[in-house]
Structure formats: C-alpha cells, structure tokens
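Notes follow once the structure below has been shown.
The values are calculated or read from the model by the stated rules, or taken from the named source; none is laboratory data. What you are looking at is a predicted structure, and each value in this text was computed from that prediction instead of being measured. A quick note on method: Cβ atoms are made from the backbone with ideal geometry, for glycine too, and the neighbour counts reach across all protein chains shown. Quick note on the areas: whole protein, heavy atoms, side chains included, nothing else; ligands and nucleic acids left out. Shrake-Rupley method; radii C 1.70, N 1.55, O 1.52, S 1.80 Å.
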Amino acid sequence: MHDDDEPVGRVLGRRQALILLGAAGATLAVAGSATASATTAGPGAPDICTLDCVVKPEQMEGPYFVDERLNRSDIRSEPSTGQLVPGTALAINFTVQQIRQQQCTPLPGAMVDLWQCDAFGLYSDIPSQGSRGRRFLRGYQNTDQAGAARFTTILPGWYTGRTLHIHVKIRTVGTNGRPYEFTSQLYFTPEFGAAYLRTEPYRRKGPADTTNSRDAIYRNGGAQMLLRPQQTGSGYTADFAIGLDLSNTQVGRPD
C-alpha cells in the first residue's frame with residue numbers, strides 16, 4: 001500500500017462542500033434538501049447560475065502537496081529546463097462559484113492549485129522519490145471575474161495502492177474573513193483509465209494495480225469527483241464546476 005493512502009494530518013473525508021453539476025438553466029436545490037427551488041435574478045441583481053447543487057466530499061490532501069506558489073496555467077514542464085514531461089495532454093477548465101442564499105455567483109480571485117504524478121507515478125519535489133527541487137506537474141491559477149481557472153496538464157500515471165487521480169486545492173477567504181480551503185481529488189472512469197493506460201508512454205508500466213472500486217480514498221465520495229474528458233485532437237478536455245459555501249468553517253479550515 002502506498003503511503004498516499006495513509007492519513008496525513010486530518011482526514012478530510014467527512015468534511016463537505018457544495019459541488020455544482022449540470023449547466024445553466026437547471027434547478028438549484030438547497031444542499032441536503034430533497035426539494036428543488038428555482039431562483040431568478042431581478043433587475044440589477046447579480047447573475048444567478050441556477051444549477052443542480054448536491055453535497056460533495058473533500059478528500060485528504062495526501063503527503064505530496066508542496067506549496068510551490070508556481071503561478072502558471074500549463075503545468076506540464078519542468079521550470080528549470082522547460083522540458084515537457086511525457087504524457088497525453090489534458091486541459092481542465094474549472095468554474096468556481098460561491099453559493100449564498102440559494103444563489104450561485106462567480107468567485108473571482110480564488111487560488112486553485114493542481115498537482116499530480118507523472119505518467120510513471122512520480123511526483124516532483126519529493127525527496128523520498130529522488131525528485132527534490134523539481135516542480136513539474138505543479139502550479140496554480142487565480143480565478144478570473146467569471147470564476148474560471150484553466151490548466152493544461154497530462155493524464156496521470158499510477159503508483160502502488162492508488163487509482164488514477166489528480167489533486168486540487170482551492171484557497172480563498174470565508175465569510176468570516178478567515179482563510180478558507182477546499183481540498184479534494186479528481187478521478188476518471190475505469191473504462192477511460194484502462195484505455196489510456198494502454199497507450200504510450202503509460203503502457204510501459206502496465207495496468208494500474210488499484211481500480212476505483214478498490215481505492216479507499218475513492219470509495220469515500222470519489223464517484224462525485226469524476227472528470228469526463230472529451231477528446232480534442234491528440235489530447236483531452238474536461239470541465240469541472242465547483243460551488244463553495246464560504247460560511248462553512250469546518251470545510252474551510254486549513255488542511
């Protein structure tokens with residue numbers, strides 16, 4: 001079992017945030033309620049993004065987060081050399097929104113961090129993995145006025161004891177004025193993962209030894225954190241929308 005499966009600090013599986021699914025024009029439902037209610041914006045009111053809102057889990061940060069403060073959209077390269085790591089390109093388009101009083105509005109200025117292993121299961125800047133000082137597949141973006149943050153990365157490889165995944169952390173300010181963090185992990189369907197692991201350079205390592213159903217972290221809400229990439233040329237693109245209740249101090253605690 002890889003040590004990314006071991007608790008590091010607090011395990012975040014019980015802490016939750018609102019994750020927005022769907023597209024504009026759907027119904028906004030209060031989290032935890034089976035009853036849906038529609039909302040509309042009046043003259044001069046902020047645009048309301050009425051989406052299906054359901055409660056989603058935070059998940060553990062794991063031992064491989066390094067706060068590099070590396071501001072960049074394309075995280076595929078090693079900054080010291082400019083060389084791209086091998087792997088199939090994946091563009092992830094995040095939309096971050098705030099949910100307050102049953103309204104969804106864009107959340108500008110939130111810091112979105114992304115980090116992951118390379119095609120062969122290696123994380124950068126981890127002394128135990130021999131990658132100290134390297135910073136490939138790490139970076140952050142601040143959301144724009146529409147709450148958007150866009151990254152170009154690669155489809156991740158795998159390592160012992162974990163299913164395919166990408167880590168994400170969002171930092172902003174809560175309604176109480178204190179720092180607010182949401183940390184979780186993004187996953188892929190078994191069919192999609194198995195298919196791309198049969199391509200170069202991933203197939204050099206073979207099939208993953210752990211699937212979603214056998215991954216202890218995935219089983220704690222991972223089905224709600226699935227990316228669904230669509231092929232675009234030689235790579236893939238995936239959209240992921242996240243709505244945060246910034247008054248939830250339990251979710252917002254530093255990890």
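Remarks
- Residue within segment 123-133 that is modelled with pLDDT of 95 or more, in contact with a helix residue (DSSP H, G or I) (Cβ under 7 Å, 6 or more places away or on another chain) and under 20 Å from M60 (Cα atoms) present: yes
- Exclusive hit being open to solvent by 10 Å² or more (accessible area, probe 1.4 Å) and modelled with pLDDT of 95 or more, set T153, T160: T160
- Set side by side, the residues R76, R69 differ, and just one is over 28 Å from Y196 (Cα atoms) and charged (D, E, K, R), which is R69.
- Scanning segment 216-255 for residues that are part of a strand (DSSP E or B) and either closer than 24 Å to T160 by Cβ or more than 15 Å from the chain's Cα centre (by Cα) (or both) yields a total of 6.
- Residue list for segment 179-195, restricted to those being touching a helix residue (DSSP H, G or I) at 6+ places or on another chain (Cβ under 7 Å) and open to solvent by 10 Å² or more (accessible area, probe 1.4 Å): E181, P190
- The one condition in (1) in contact with a strand residue (DSSP E or B) (Cβ under 7 Å, 6 or more places away or on another chain); (2) within 29 Å of Q250 (Cα to Cα) that R72 fails to fulfil: (2)
- Scanning segment 81-127 for residues that are polar (S, T, N, Q) and in a loop (DSSP other than H, G, I, E, B) gives T81, Q83, T88, Q101, Q102, Q116, S124.
- Residue list for segment 163-178, filter: open to solvent by 10 Å² or more (accessible area, probe 1.4 Å) and either aliphatic (A, V, I, L, M) or on the phi > 0 side of the Ramachandran plot (or both): L164, V173, G177
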